[in-house]
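J.: Have a look at this one before I ask anything.
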């Protein structure tokens with residue numbers, strides 16, 4: 001059985017959980033606590049699986065360890081084509097990848113836990129400055145994504161769920177946690193709502209994971 | 001003819017230039033100066049092409065505008081399969097994508113111009129703090145990549161050039177600019193050297209672009 005090294009609040013792990021659920025793949029979760037023990041993802045036992053010290057890692061039946069959420073999702077889409085997460089047409093695929101990368105490269109890495117910790121611990125920034133940083137990159141990224149979203153939806157790239165939705169939904173989840181005003185992004189909210197009705201997305205919610213903790 | 005909106009020193013544009021050269025695609029460059037005029041990429045005329053306000057953008061013959069360097073490279077690899085930049089095997093493709101994303105998500109966005117500007121202008125950090133920030137994410141990222149690189153190379157994922165090399169080479173170029181000590185990464189240096197001998201990589205070098213400026 002596939003084994004997913006995951007953390008309930010990691011949005012990169014959340015993306016992969018949705019993909020596994022959509023594909024109907026049974027998998028076992030191995031929680032990696034990103035805060036406890038100075039971050040279990042930094043320990044040598046985990047770095048054997050991923051030298052980057054980041055979740056998620058998906059370990060296959062033959063023990064191959066896959067890293068990087070988008071690479072994992074593309075792999076799952078290649079070995080299990082239904083339901084497809086990337087359209088058949090090359091131009092449409094490029095659009096899905098571009099919107100996925102707009103979040104995965106240009107919002108998420110800037111607002112990742114390790115970066116917020118650096119701002120506080122090394123640069124001595126207070127919580128207000130860290131929150132402003134977080135919202136700055138989030139708002140800039142969401143505003144662009146709203147313009148690039150499919151005008152009639154309901155999903156981010158049109159009538160079908162694609163990889164771009166798997167990246168959007170965890171980002172919107174985080175945006176709500178950080179009390180970002182989402183009213184300026186009606187297309188993103190519509191896509192998020194359309195996904196929220198699907199069992200695969202519900203089962204992947206952070207609070208539905210075995211390692212979920214009480215909200216803080 | 002394809003039109004690439006580019007900036008000589010943008011490492012994301014540099015990746016796409018290498019891909020276009022490897023595929024033997026004739027293309028016209030439209031320089032977008034990331035510093036002049038408060039950043040030409042932020043102007044309304046450019047944001048019509050890419051609401052993100054980032055280079056590169058590749059405009060196709062039918063005027064479709066593609067954004068996000070990795071999405072553009074995958075598109076080029078799909079419409080022009082030779083020489084292929086992603087291997088045929090799904091697991092090997094996942095590995096190439098993972099190493100590409102390890103740079104494109106976990107090093108480059110943190111060291112991008114807009115982020116360094118925010119550190120200086122909004123957080124009031126001095127040049128020494130900005131340089132430390134830059135090297136922190138770079139060294140963390142390169143150390144992991146060195147462990148994930150193919151042990152015998154010569155390229156990052158083995159015997160053939162892949163998308164991962166197209167992402168590595170511009171990052172190494174930037175690392176040298178920021179005087180990062182690269183001695184701890186012999187596999188990365190070997191892959192960079194193997195690429196540096198190829199005409200497609202030479203033609204894509206920042207200093208060989210029409211908008212190149214004197215080194216500063």
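J.: Name the residue that is surrounded by the fewest Cβ atoms within 10 Å (Cβ to Cβ), counting only residues in segment B:94-135 that are facing chain A (nearest Cβ under 8 Å) and not in a helix (DSSP H, G or I).
T.: Step by step, filter segment B:94-135, then rank; the result is B:122.
J.: It is to be established whether one or more residues within segment B:167-183 are in contact with a strand residue (DSSP E or B) (Cβ under 8 Å, 6 or more places away or on another chain) and either part of a helix (DSSP H, G or I) or over 30 Å from residue A:118 (Cβ atoms) (or both). Steps first, please.
T.: Residues of segment B:167-183 in contact with a strand residue (DSSP E or B) (Cβ under 8 Å, 6 or more places away or on another chain): none.
No: zero hits.
J.: Considering segment B:7-48 alone, what residues qualify as being under 21 Å from residue B:112 (Cβ atoms) and touching a strand residue (DSSP E or B) at 6+ places or on another chain (Cβ under 8 Å)?
T.: Within segment B:7-48, B:7, B:8, B:13, B:16, B:17, B:29, B:30, B:31, B:32, B:46 meet the criteria.
J.: Could you please find all residues in segment A:10-33 being surrounded by fewer than 22 Cβ atoms within 10 Å (Cβ to Cβ) and within 22 Å of residue B:144 (Cβ to Cβ)?
T.: A:30, A:31, A:33
J.: Separate question: Out of (1) outside any loop (DSSP other than H, G, I, E, B); (2) within 13 Å of chain B (Cβ to nearest Cβ); (3) surrounded by fewer than 22 Cβ atoms within 10 Å (Cβ to Cβ); (4) modelled with pLDDT of 95 or more, what's the single condition that is false for residue A:3?
T.: So residue A:3 meets the others, but not (2).
J.: Residue check: is residue A:54 surrounded by 16 or more Cβ atoms within 10 Å (Cβ to Cβ), at pLDDT below 95, within 28 Å of residue A:143 (Cβ to Cβ) and under 17 Å from the mean Cα position of the chain (by Cα)?
T.: yes
J.: Right, something else. Could you tell me which residue of segment A:77-93 is nearest to residue A:7 (Cα to Cα), considering only residues that are within 20 Å of the chain's Cα centre (by Cα) and within 9 Å of chain B (Cβ to nearest Cβ)?
T.: Looking at residues that are within 20 Å of the chain's Cα centre (by Cα) and within 9 Å of chain B (Cβ to nearest Cβ), I get A:78.
For every residue, the table says whether it meets (1) in contact (Cβ under 8 Å) with a residue 12 or more places away in the chain; (2) within 28 Å of residue A:110 (Cα to Cα).
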{"residue": "B:49", "(1), (2)": "yes, yes"}
{"residue": "B:55", "(1), (2)": "yes, yes"}
{"residue": "B:72", "(1), (2)": "yes, yes"}
{"residue": "B:77", "(1), (2)": "yes, no"}
{"residue": "B:89", "(1), (2)": "no, no"}
{"residue": "B:100", "(1), (2)": "yes, yes"}
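J.: For residue B:144, state whether it is assigned to a helix (DSSP H, G or I), buried (at least 20 other Cβ atoms within 10 Å of the Cβ) and touching a strand residue (DSSP E or B) at 6+ places or on another chain (Cβ under 8 Å).
T.: The answer is no for residue B:144.
J.: What is the one condition in (1) within 26 Å of residue A:139 (Cα to Cα); (2) modelled with pLDDT under 95; (3) assigned to a loop (DSSP other than H, G, I, E, B) that residue A:81 does not satisfy?
T.: All conditions pass for residue A:81, except number (1).
J.: Just give me the residues in segment A:136-156 being within 26 Å of residue A:71 (Cα to Cα) and more than 12 Å from chain B (Cβ to nearest Cβ), in sequence order.
T.: A:138, A:139, A:150, A:153, A:154, A:155, A:156
The values are calculated or read from the model by the stated rules, or taken from the named source; none is laboratory data. Because the structure is predicted, anything quoted here is derived from the model rather than measured. We place every Cβ from the backbone using ideal geometry, glycine too, and count neighbours over all the protein chains shown.
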